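The values are calculated or read from the model by the stated rules, or taken from the named source; none is laboratory data. Note that the coordinates shown come from a computational prediction; the quantities given were computed from them, not determined experimentally. When we count neighbours, we look across all protein chains shown, and the Cβ atoms used for this are built from the backbone with ideal geometry, even at glycine. What goes into the accessible areas is simple: the full protein's heavy atoms, side chains included, and nothing from ligands, DNA or RNA. Shrake-Rupley method; radii C 1.70, N 1.55, O 1.52, S 1.80 Å.
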Amino acid sequence: AMNKHRVDIISPRDASDIDAIKRLCWEYRDFLFAMGPQFEAMIDALYPVEKYQAVLELLETDHVPPLGTLRLALVDGVPVGCGMIQTFDAETRDAEIKRVFLNEGARGLGVGRKLMDTLIQDCRDLGFNRILMDTGVPLKAATKLYLDLGFKLRDEYQEMPEISKGNVIFFEMAL
C-alpha cells in the first residue's frame, strides 16, 4: 500500500521555522553548486557566500506581506522544502517566485506542486498581476511542473551574468 504522507505548506510560525527555511536555502545553494562547473561559476557570480548570507538575513523583511510571502513545506511535520515570493516591480505589480527547493527525500510526493499552488495563490491574494521565475536547465522535473501549472517560457527578465546564458530558463504567468 502507498504510504500516505501528510503534506503541509505553512507560513513560518516561529524562529525555528525561519531557521529551517535558511537551512533549506543553503541546501538549495549546495544543490545548484553540485550541478557542475558552470553552475558553480554562476552561483559564485550571483550569490557569493557573503551576499547569500545577507539575502537570507533579510528573509523576514523582503518576503512578508504586502511585499511577498515565505513558505515552508512539511512532510509528516518535518521541514523538507521552501519557496518564497518577492515584489519584482511594485508599479507593474510583478512578483518573483524564488528559491523553490525540496530536499531529495521529499521529491515525488506532490510537495512541489502543492508548494507552487500555494505560492501562486499567495501572489493572487497579494494582488500581483504577473509572476516571474527562473530555474536551471538541468532541472527537468521543475520545468515540467511550472509548464503544467500554466507558466509560459520567456526571455530573461533581468540582467544575468554571461555564464548563465543557456543554463537558466525563465518563466512568466499572467494572473
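The antiparallel fraction among DSSP beta bridges confined to the chain stands at about 90%.
Treating each Cα of the stretch 1-43 as an identical point scatterer and summing with the Debye formula, the log10 of I(q)/I(0) at q = 0.27, 0.32 Å⁻¹ comes to -0.87, -1.03. If the segment from Glu104 to Asp76 were pulled out straight at 0.36 nm per residue, it would be longer than the present Cα-Cα gap by 8.6 nm. Dipole of the stretch 42-153 computed with +1 at Lys/Arg Cβ and -1 at Asp/Glu Cβ about the Cα centre; of Leu67, Leu149, Met84, farthest Cα towards the positive end is Leu149.
Find which of Leu58, Leu46, Ala34 sits farthest along the positive direction of the dipole of the stretch 1-80, computed with +1 on the beta-carbon of Lys and Arg, -1 on that of Asp and Glu, about the Cα centre. The one lying farthest along the dipole's positive direction is Ala34. Shape summary: the stretch 13-115 maps onto an equivalent ellipsoid whose semi-axes, from the alpha-carbon gyration tensor, are 20, 20, 14 Å in decreasing order. Within the shell of other residues whose beta carbon sits under 14 angstrom from the beta carbon of Ser16, the net charge comes to -1, with Lys and Arg scored +1 and Asp and Glu -1.
Basic side chains Lys and Arg get +1 at the Cβ, acidic Asp and Glu get -1 at the Cβ, and with that the dipole of the chain about its Cα centre reaches some 740 debye. Note on the stretch 89-163: along the principal axes its Cα atoms extend 39, 35, 19 Å, ordered by decreasing extent. What does a probe at Arg23 reach in the stretch 62-93, counting residues whose amide N is under 18 Å from the point 7 Å along Cα→Cβ? Under cut-off, by backbone N: 71-83.
Ordered from longest to shortest, the equivalent ellipsoid semi-axes for the stretch 50-175 are 20, 19, 16 Å, each the square root of 5 times a Cα gyration tensor eigenvalue. Report note on the peptides 97-105, 113-121: ranked by the mean count of other C-beta atoms within 10 Å, highest first, their order is 97-105, 113-121. A 1.4 Å probe run over the protein chains yields, for the chain, 52 Å² of accessible area per residue, whole-number rounding.
Of the heavy-atom accessible surface of the stretch 57-138 (probe 1.4 angstrom), what whole percent is carbon and sulfur? Can you show the working numbers first?
On the way: 1720 of 3480 Å².
Carbon-and-sulfur percentage of accessible area, whole number: 49.
If both residues of a DSSP beta bridge must be in the stretch 73-146, then about 75% of such bridges are antiparallel. The dipole here belongs to the stretch 83-175: it is taken about the Cα centre, uses +1 on the Cβ of Lys and Arg and -1 on the Cβ of Asp and Glu, and is about 460 debye.
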